[in-house]
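Everything on this sheet refers to the single structure shown next.
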Amino acid sequence: MKKSPKSNPDDRRDNVDKIQFKINKTIQNYELAEEMIAKTDDEKTKEELKEKNKRRLESLKSMRHEIRDEAIAKEKGYKDRK
């Protein structure tokens, strides 16, 4: 049986660390894809990797915004929760 949301309180203390980990992995994947783009002659693969990297850049923007918000909330002690 699943626990109700009330029995599992929102613990945001490590959100900044989790988001930073995701940012680091996304950057790593972006760089690996760029290396693969440079090495492959397959145009379809190149295009797919370029599209993935385009989405990764958008994700990075969002994650950087989110980490900034979380850092501010953490600084304030998570008092201004919505």
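The values are calculated or read from the model by the stated rules, or taken from the named source; none is laboratory data. The shown structure was predicted, so the numbers you read here are calculated from the model rather than taken from an experiment. Note that each Cβ is placed from the backbone with ideal geometry, even for glycine, and that neighbours are counted across all protein chains shown.
What's the number of the condition Asp41 fails, among (1) at pLDDT 95 or above; (2) assigned to a helix (DSSP H, G or I)? With (1) at pLDDT 95 or above; (2) assigned to a helix (DSSP H, G or I) applied to Asp41, the lone miss is (2). Close contacts from the range 18-30, counting a first residue that is within 16 Å of Arg68 (Cβ to Cβ) and at pLDDT below 95 and a second that is aliphatic (A, V, I, L, M) and exposed (fewer than 15 other Cβ atoms within 10 Å of the Cβ), with Cβ to Cβ under 9 Å and a gap of 6+ residues or different chains, come to none at all. If you go through the range 33-68 and keep only what is farther than 24 Å from Arg12 by Cα, under 22 Å from the mean Cα position of the chain (by Cα) and free of Cβ contacts under 8 Å to residues at least 12 places away in the same chain, you end up with Glu35, Glu48, Glu51, Lys54, Arg55.
Restricting attention to the range 61-78, the residues that are surrounded by 14 or more Cβ atoms within 10 Å (Cβ to Cβ) and of a type in the set (Lys, Arg) add up to 1.
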